Amino acid sequence: MIQTRTYDCSPTLNDTDVFNFCKTGYLMLESVVDDAINRRTTDYIDKNGHHSLLNEDWFIEAVFHNPQAAGAVRSLLGANFALPIKLPNHRVKCPMESQSWHRDGGSRYGPAVNHLQVFYYPQDTPPEMGPTEVLPGSHFFFSLQSWMGHYGTIRGAELTAAPAGSIFITAYSIWHRRSKSTAIGWRNMLKYIYWRMTPPQRDWISDPNFESGQPQNTKFQHPTHQQQHRNWFDAAEMYYWLCGSRSDFNRKVGHDHWPPGYPVPSWTPENYQNF
Ligand SMILES: [Fe+2]
């Protein structure tokens, strides 16, 4: 039986960061792992393969416990989150054609954030090395696996091209694929999953001025592929799920100006005649 190892640290994300994750379904942390560790990881894989990295204390400390990455995971998964128990390496001999768009097996679509899928690039991964391409916001966008593989370029998709030592964190159900590479050489990309051990609560870095319905928080930088403001509702629902506050979602979303441009009157017996 696999022993569950847990870890705790201080959260590093604030309300806005958490809400941004809800909107896009991913978070890039560039160059957060030391170069010495990046080189050591690459050398280790070349000599020993990647499987036993899971048992190397130096790797666990520098990558799984990485202060910025673990701090973000702590913000989204709560205290004493569980550490990865598997460590696949998506090792590619470039050049190579792009992979098909997909979401990984077992994806579920909803507000719950009980797992995070995390990727670590131990070497520079520019566009020529075929970095993963993600579709921001697609973690809410259900489509049958068999109906997404034929897509080519999708509007709003982003390449996770990044320097060595970068870690990016995704909602498990996000649409993604390995992009086409044109360089020559090997590319390693380690992938692993953390999961939640405690009920959700708003215990990340608090910003007392934050309200999910404020205009500055309702702008989406990426195009949506969802219908009629559904992206706003989904992001808000995920945010309040993470807060552990379903009642706030029921109370706030769909009222006043949240989502913006879709004001719903506050129905009360007193003002009912006015509408
Ligand atoms: Fe995948």
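Throughout, read-outs are computed from the coordinates displayed, never taken from laboratory work. Worth saying up front: this structure is predicted, and the values here are computed from it rather than measured. Here the Cβ is made from the backbone with ideal geometry for all residues, glycine too, and neighbour counts use every protein chain on show.
Tally Lys and Arg at +1 and Asp and Glu at -1 over the other residues with C-beta under 11 Å from the C-beta of LEU135: what net charge comes out?
Values: positive: ARG103, ARG155, ARG177; negative: GLU133, GLU158.
Once all neighbours under 11 Å are counted, the net charge is +1.
Indicate, rounded to the nearest 5 percent, the antiparallel portion of the DSSP beta bridges found entirely in the chain.
Numbers: 32 of 33 bridges.
Antiparallel bridges make up about 95 percent of those DSSP assigns within the chain.
Of ASP46, ASP104, ASP35, which is the most mobile in a GNM of the chain whose springs link Cα atoms less than 10 angstrom apart?
The residue with the greatest mean-square fluctuation here is ASP46.
Along region 75-90, what does the Karplus equation 6.51 cos²θ - 1.76 cosθ + 1.60 (θ = phi - 60°) give for ³J(HN,Hα), rounded to whole Hz, x for Gly and Pro?
Per residue, the Karplus-derived 3J(HN,Hα) values read 5, 8, 10, x, 5, 6, 5, 8, 8, x, 10, 9, 9, x, 10, 8 Hz.
Which of ASN80, ASN231, ASN209 moves most in a GNM of the chain, Cα contacts under 10 Å?
The residue with the greatest mean-square fluctuation here is ASN209.
With everything on Cα atoms, drop me the angle between helix 230-243 and the longest principal axis of the chain, reported from 0 to 90° to the nearest 10.
80 degrees
Measure nothing fancy, just the Cα-based angle from helix 15-24's long axis to the longest principal axis of the chain, in degrees from 0 to 90, nearest 10.
Taking Cα atoms only, the helix is inclined about 80 degrees.
Of LEU159, LEU242, LEU83, how do they rank once you tally other Cβ atoms within 10 Å and put the fewest first?
Numbers: LEU159 14, LEU242 24, LEU83 18.
In order of increasing Cβ crowding within 10 Å: LEU159, LEU83, LEU242.
In this model, which of LYS47/LYS191; LYS93/LYS191; LYS180/LYS219; LYS93/LYS180; LYS23/LYS86; LYS47/LYS93 are farther than 21 Å apart at the alpha-carbon?
Checking Cα-Cα distances, LYS180/LYS219; LYS23/LYS86 exceed 21 Å.
Contact order normalised by length for the chain, with contacts defined as Cα pairs under 8 Å and 6 or more residues apart; what percent is it?
28 percent
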